[in-house]
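Below is one structure; the comments refer to it alone.
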Amino acid sequence: MGSKYTKRYSEEYERDAIELVRSSGRTVTEAARELGIGAESLRGWLKKDRAAQGAGSGSPGQRAADRDKS
């Protein structure tokens, strides 16, 4: 459970931060420091994005369980 002081970022900001790491060759720590955010937050966003990319391998609207049946 997050602290009541947890800062929330927009999805667009998270996508931009992920793209910075992927396109710049910077480490997660370097990119996070440059953006002024926690490295663990950025790592979590990257992990969430990788999971979404993996889940998005089927046709739009198709559930992962249904793709596995094919």
### Unmet requirement for residue 26, which otherwise passes all of (1) in a loop (DSSP other than H, G, I, E, B); (2) open to solvent by 50 Å² or more (accessible area, probe 1.4 Å); (3) modelled with pLDDT under 75
(3)
### Task
Please go through the range 25-40 and pick out each residue that is more than 22 Å from residue 51 (Cβ to Cβ) and among the small types (Gly, Ala, Ser).
25, 36
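The values are calculated or read from the model by the stated rules, or taken from the named source; none is laboratory data. Because the structure is predicted, anything quoted here is derived from the model rather than measured. Backbone-built Cβ (ideal geometry, glycine too); neighbour counts: all protein chains shown. Ligands, DNA and RNA are stripped out before the accessible areas are found, and what is left, the full protein with its side chains, is counted by its heavy atoms. Shrake-Rupley method; radii C 1.70, N 1.55, O 1.52, S 1.80 Å.
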